[in-house]
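Inspection log for the structure reproduced underneath, given as structure tokens.
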Amino acid sequence: MSSPLLRAINITKRFGGIIAVNKMSMEIREGEILGLIGPNGAGKTTLFNCITGFYKPDEGEVYFKGERITGLSPHEICLRGIARTWQKIRPFPGMTVLEAVTVGALLRTKDVEKAVEKARSILEFIEFKKYDRLGKELTLIEHKLVDLARALATEPKLLLLDEVAAGLRPHEMDRLAKILLRIRDEMKITLVIVEHVMRFVMKISERVVVMHQGTKIAEGTPEEVANNPRVIEAYLGTRPI
């Protein structure tokens, strides 16, 4: 078996007396779609922040493609090939869709024309045709697609998606799921999805990791995780009788 694309080893992050992530270890395999789930406050976004350089772990190490990236800046980590989206959309209200995605493409080139062409190709790939719309005019699903396109424009090998389906209608989730599968299959990008919408994450993920109180409590196929007593207890507070 090939080595993991990313390894997080005993990651710990404290905020004062609160331990948000506690000796959390996880491996991400190249080419997979991994679901990362857990109750509110489980530490999922904090773990993303430690992986992508927005937080420096108090303990532990992160390796990407066999190289240690712990403590690197977000810009350096993005250049290595890790991109992310955020829980809350980060619109560019006064910019057009094409301009907003071009911002991501400028990570890899200083040639604006090449960056615009890259942005256009990404938007065509996700079937977003309203290039000239302003950020302030977009719907929620359109905002999420622009955020996704901007991350893709940085040419990642690993894409971390934080609650990308939150607030979407069922048909919008189905549209998004199809796009994410194409990103993995055609663009060869590995995906990790933090999500509270269980129908969405369980349907699209091949493997699921469950966090609770900052640490991993379960890992396996969606079916295995859904029937795990520790997972049921974490979400519902009691074990089923």
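The values are calculated or read from the model by the stated rules, or taken from the named source; none is laboratory data. Just so we're clear, the structure is a prediction, and the values are computed from it rather than from any experiment. Methodologically, a virtual Cβ is constructed for each residue, glycine included, from the backbone with ideal geometry; neighbour enumeration extends over all protein chains shown. Note: accessible area is taken over every heavy atom of the protein model, side chains too, but ligands, DNA and RNA are not part of it. Shrake-Rupley method; radii C 1.70, N 1.55, O 1.52, S 1.80 Å.
Give the distance, in whole Å, between the Cα centre of region 28-76 and the Cα centre of region 191-224.
Region 28-76 and region 191-224 have Cα centres separated by 15 Å.
Given a 1.4 Å probe and every protein chain left where it sits, what share in percent of the accessible area of the chain is carbon and sulfur?
The value for the chain is 52 percent carbon and sulfur by accessible area.
Take the cross-link list Lys110/Lys203; Lys56/Lys114; Lys88/Lys114 and give me the ones stretching past 32 Å between alpha-carbons.
Check vs 32 Å cut-off fails for Lys110/Lys203; Lys56/Lys114.
Starting from the Cα of Ile9, step 7 Å along the direction of its Cβ; do the same at Lys114; then give the gap between the two resulting points in nm.
Placing both labels 7 Å along Cα→Cβ, they lie 3.6 nm apart.
Dipole magnitude of region 91-168 about its Cα centre, charges +1 at Lys/Arg Cβ and -1 at Asp/Glu Cβ only, in debye to the nearest 20?
120 debye
Around Asp132, under 12 Å between beta carbons, what's the net of Lys plus Arg minus Asp minus Glu among the other residues?
Counting the neighbours of Asp132, the net charge comes to +2.
Excluding Arg175 itself, calculate the net charge of residues whose Cβ lies under 14 Å from the Cβ of Arg175, where each Lys or Arg counts +1 and each Asp or Glu counts -1.
+2
Roughly how far apart, in whole Å, are the Cα centres of region 99-133 and region 143-186?
16 Å
Given only helices, namely DSSP H runs of n ≥ 4 each adding -39500 (n - 2.57), what is the per-residue ellipticity at 222 nm of the chain, to the nearest 500 deg cm²/dmol?
Here the helix-only value at 222 nm equals -11000 deg cm²/dmol.
Along the charge dipole of the chain, which of Ser121, Ala149, Thr85 sits closest to the positive end, that is, farthest toward it, with unit charges on the beta carbon of Lys, Arg, Asp and Glu (+1, +1, -1, -1)?
Thr85
How many Å² of accessible area per residue for region 1-107, probe 1.4 Å?
Using a 1.4 Å probe on heavy atoms only, each residue of region 1-107 averages 47 Å².
I'd like the FRET efficiency for Asn227 and Lys203, computed as 1/(1 + (r/R0)^6) with the beta carbon distance as r and R0 of 22 Å, rounded to 0.05.
It comes out at approximately 0.85.
Expressed in nm to one decimal, what extension gain is obtained for the pair Glu27 and Val103 from 0.36 nm per residue of sequence separation less their Cα-Cα distance?
Roughly 24.3 nm would be gained on extension.
Which whole-number percentage describes the relative contact order of the chain, with Cα contacts under 8 Å and a sequence gap of 6 or more?
With pairs under 8 Å counted, the relative contact order is 26 percent.
Can you check what the net charge comes to around Gly60, using other residues whose Cβ is under 13 Å from the Cβ of Gly60 (Lys, Arg +1; Asp, Glu -1)?
+4
Suppose every Lys and Arg Cβ carries +1 and every Asp and Glu Cβ carries -1, with no other charges. What dipole size does the chain come out with about its Cα centre, to the nearest 20 debye?
Dipole size: approximately 260 debye.
Would you kindly state how much longer the chain becomes between Lys56 and Glu124 on full extension, computed as 0.36 nm times their sequence separation minus their alpha carbon distance, in nm to one decimal?
20.9 nm
Quick one: which of 225-231, 108-114, 34-40, 159-165 comes out on top by average Cβ neighbours within 10 Å, and what's the full order, highest first?
The most tightly packed comes first, giving 159-165, 34-40, 225-231, 108-114.
Which percentage, to the nearest 5, of the DSSP beta bridges contained in region 89-241 is antiparallel?
Here the share of antiparallel DSSP bridges comes out near 55 percent.
Given the peptides 100-106, 79-85, arrange them by the average over their residues of other C-beta atoms within 10 Å, most packed first.
Peptide ranking by packing, descending: 100-106, 79-85.
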